[in-house]
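Written below as structure tokens is the structure these notes are about.
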Amino acid sequence: MGKSSETNLQSLDILPTALVATIMTNLDVPSICSLAATCKAFNLCGSQILSFLPNFHLLDISPTIDLLKPLLPPNPYLRSLRVDCARLDDSAIDHLLRPSLEELCLHNCADFSGKLLSEVGGRCKDLRSLYLSSVADKRGRSIHVSDLEELLGGCAQLETLILMFDVSIFLRHNFAHVWAVASAKLTSLEIGYVSSVMVTELLSPTAGPYHSQNQIRSSVLPSIRKLCLSVDYITDTMVSTIAKKLTSLTHLDLRDAPIIEPTVAFDLTNSGLQQINPHGKLKHLSLVRSQEFVVTYFKRVNDLGVLFMADRCSSVESICLGGFCQVTDTGFKTILHSCTSLYRLRVSHGAHLTDLVFHDIDATSLSLTHVSFRWCNLLTNLSVIRLASNMDLSVLDLRDCRSLGDEALRAISSLPKLKTLLIDGADISDLGLSYLKRGVRSSLVSLSVRGCKRLTDKCVSFLFDCSCNLELRELDLSNLPNLSDAGLLLLAKSRVPIVELRMRQCPLIGDITVIALASMQVDEGRWHGSSLRLLDIYNCGGITQLAFRWLKKPYFPVLRWLGVSGSVNRDMVDVLARSRPFLHVAYRGEELGTDQWDYSDDLYMHDYEEVDELEQWLLDGENGIDDEEMEEAENNAELE
């Protein structure tokens, strides 16, 4: 066996370098690094490839500056750079910013200052697309409006700009002024948080003490087609200004999160709603009032406002409405019958939405593929039965529609293309979940039954009885009081390559589940437990120190997100985090795998890369944390 392995390595070494380089050039960064970890020849070639790679995408881990340096050598051919900067700061600017870049995407820039913005404007003149999130979020980091001005003025070719941080820290007048130098080619703009007054002033600049009429462009952001904003209040004034000034708009996404109940001057009314889409070009419309701070709704909009809006939005293909508590079946029904091109419909907090909306949905020409009704408690099984006539449905989100039961699942089972089903909090039983075996189970990629309290271990046996090849990759079994280790043993025996598994707040889940998942072998050629990227066992009643021993390497080699309870085993959590630096360990109960600035709530599968070998290559030569430290933490926990 040893001679055979040695012969294979020698045969790899004699492969023509040009051939290996050609193959590697067509791979992404994690794959290149994984290949480089296999032998010296590939390692050398991989290091050389990084010098002329056009795309460098590394978002699955957060590298330090020392780990990033060898991965980003001088490279005049680099066009696209995407990096998670959670462990980087201003000292990494010289390594990240290249004049050849056309796309730059930097996540989690909390430890950077405003210098990042000004340097991007000074060094990346050919940028077409820019994404920056959480810039200067860390305490002590500062950012000035002049940094934004240098960014906008320096990137004259910019077409897409996404600033996922709070820009309301800038003075209102100065903020509006700097956009006069923004690229006239800018077609897409997204901002993490900005006040509605700032948006209005940005789009309606007037002469002031700091600039003359000659400095004011006749139309700020003249080419904008996509606008996504999170604001303090969605108001009639802001909506009207957007509608009048942005004449090419095809995608409008507005979200607010009031901290107090808005007055009429700072709210959306029927009058504002009928101003939307005056030019008839809109294809996507999203208006959402979040309940993040206080429970509040669009109380000044009713069916009349929706009727006016629907009349102007007949060609819209995607509509998302959240918090319209005064709109009844009449308003929602008008949307279904007026918007004949609609394929994506999302409604949340529809307090008056009932089954009558779908009474004659068969009479429409709609072919819905994405449907979401969240917190619509008046919907019953009858609504789902009628919705199921849309055989092209691929995403169905019915979270917190608590009147739904087994008959809804029976109807859903007939949908041949369904990939995502979220039915949290529904009144379903094990028998209802068994209906999915009839057809939809083989197409499902993501399933969430969080909080469906009647479910037991039997639901797992119905899902994973090995009678067909399952495509399921994301599964949420959280807050199921009757789910135990026995059910998860059935999942582990099925050998289905689950990528994300959430089981938070399950009192009967314990160490046996973790051991079973760690020992799970997806196929003969893979390492034990290799498929799991996300595991959430926060506040599971039976988790003890024993489980933490199975969360160490070499188990779960590609795990990137872990949710555990830190209050009971904090020392062991800290040791685990140090021993696995690329593992995001959450112990305060926060949801895993989400970005604080991600408001889209879009449903998608993560495109995970195989990066276990990447981590090995990056940490080559480091000893890691000794088992003795884990044992010491275990002993301390027992003493307490």
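The values are calculated or read from the model by the stated rules, or taken from the named source; none is laboratory data. These numbers were taken from a predicted model, which means no experiment stands behind them. Neighbour counts are summed over all protein chains in view; Cβ atoms, including those assigned to glycine, are modelled from backbone coordinates with ideal geometry. Remember, those area values only see protein heavy atoms, side chains included, never the ligands or the DNA or RNA. Shrake-Rupley method; radii C 1.70, N 1.55, O 1.52, S 1.80 Å.
Extending 7 Å from Cα along the Cβ direction at Val294 and again at Ser91 yields two label points whose distance is 4.5 nm. With an a/c value of 1.5 or above and a/b not larger than b/c for the gyration tensor axes a ≥ b ≥ c computed over the alpha-carbon atoms, the stretch 419-469 is described as oblate.
Compute the Cα gyration tensor for the stretch 213-366, then decide on rounded, prolate or oblate, letting a ≥ b ≥ c be the square roots of its eigenvalues: rounded whenever a/c is under 1.5, prolate when a/b is larger than b/c in the other cases, and oblate in all that remain.
Details: a/c = 2.18, a/b = 1.29, b/c = 1.69.
Oblate.
The mean accessible area for residues of the stretch 397-522, using a 1.4 Å probe and ignoring ligands and nucleic acids, is 34 Å² per residue. Annotation: peptides 112-119, 486-493, 73-80, ranked by per-residue average of other Cβ atoms within 10 Å with the highest first, follow the order 112-119, 486-493, 73-80. For the stretch 283-316 and the stretch 367-384, what is the separation of their Cα centres, given in Å? With the stretch 283-316 and the stretch 367-384 each reduced to a Cα centre, they are spaced 17 Å. Here the calculated FRET efficiency for Lys185 and Thr25, from their Cβ-Cβ distance with R0 = 35 Å, stands at 0.70, rounded to the nearest 0.05.
Determine the relative contact order of the stretch 282-363: mean sequence separation of Cα pairs under 8 Å and six or more apart, normalised by residue count, in whole percent. Reported relative contact order: 32 percent. For Lys281, the lysines whose Cα falls under 18 Å of its own Cα, not counting residues fewer than eight places away in the same chain, are Lys226, Lys244, Lys245. Placing R0 at 25 angstrom, the Cβ-Cβ distance between Leu546 and Ser442 gives a FRET efficiency of 0.10 after rounding to 0.05.
Pop the C-beta distance of Gln521 and Glu590 into the FRET formula with R0 = 30 Å and round what comes out to the nearest 0.05.
Details: r = 31 Å, r/R0 = 1.03.
With R0 = 30 Å, the Cβ-Cβ based efficiency is 0.45.
Tell me whether the stretch 380-471 comes out rounded, prolate or oblate; compute the Cα gyration tensor, take square roots of the eigenvalues as a ≥ b ≥ c, and use a/c under 1.5 as the rounded threshold. Oblate, because a/c is 1.5 or more while a/b does not exceed b/c. Using C-alpha pairs below 8 Å separated by at least 6 residues, the relative contact order for the stretch 95-150 is 46 percent. Overall, the stretch 320-432 carries a charge dipole of about 360 debye about its Cα centre when +1 sits on the Cβ of Lys and Arg and -1 on the Cβ of Asp and Glu, all other atoms neutral.
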